[in-house]
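Structure record follows, encoded as structure tokens.
Please treat every number below as a calculation from the coordinates, not as lab data. Just so it is clear, the structure is predicted and the values come from calculations on it, not from any experiment. When we count neighbours, we look across all protein chains shown, and the Cβ atoms used for this are built from the backbone with ideal geometry, even at glycine.
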């Protein structure tokens with residue numbers, strides 16, 4: 001069975017929004033290699049609408065500067081959980097209505113293939129956690145305090161709680177720590 005792996009950049013104060021504004025100083029060769037290995041270990045991308053809209057605007061123009069990483073981002077199948085996007089326009093993209101997400105993502109995990117990579121932690125991630133579909137949470141903890149974020153764009157929200165167990169850590173010379181968690185045994 002395929003795993004769904006979430007990869008999220010987070011500041012010390014729990015902010016996840018606009019990582020392009022506060023992560024680039026920490027994205028050196030070690031981080032690039034880790035990100036590349038993770039992307040190439042998966043054969044599908046899973047996103048919510050906000051992440052999809054940002055990625056679909058940015059990645060097509062980044063192939064030249066990012067090489068095979070950009071090509072892979074643009075050519076992997078993209079699964080977008082959204083009620084407003086009916087025909088997402090970026091490569092091989094499929095919209096999944098929110099009401100069908102749990103059933104469709106369960107089927108997707110059961111298909112043959114490599115793992116499924118999800119970027120960002122929002123409503124789709126919360127649904128995955130609540131229904132036992134998220135297999136790994138990889139938090140890229142950056143040594144920076146960003147300041148007050150929009151409550152909708154923080155790692156946690158009121159009414160959402162989950163327990164995890166630490167499965168692995170990776171520490172980069174920049175101070176970024178990738179903490180890999182798996183859902184805690186019940």
### Message
Can you give me the distance in nm between label points at residue 83 and residue 103, each placed 7 Å from the Cα along the Cα-to-Cβ direction?
### Response
1.6 nm
### Query
Classify segment 4-76: rounded, prolate or oblate, from the alpha-carbon gyration tensor (a ≥ b ≥ c, eigenvalue square roots; a/c under 1.5 rounded; otherwise prolate if a/b is larger than b/c)?
rounded
### Query
Within segment 52-186, what percent of beta bridges assigned by DSSP are antiparallel, to the nearest 5?
75 percent
### Task
Let me know the volume per residue of the alpha-carbon convex hull for segment 11-158, in Å³.
121 Å³
### Task
Once you have the Cα-Cα distance between residue 13 and residue 35, take 0.36 nm times their residue separation minus that, and quote the gain in nm to one decimal.
5.7 nm
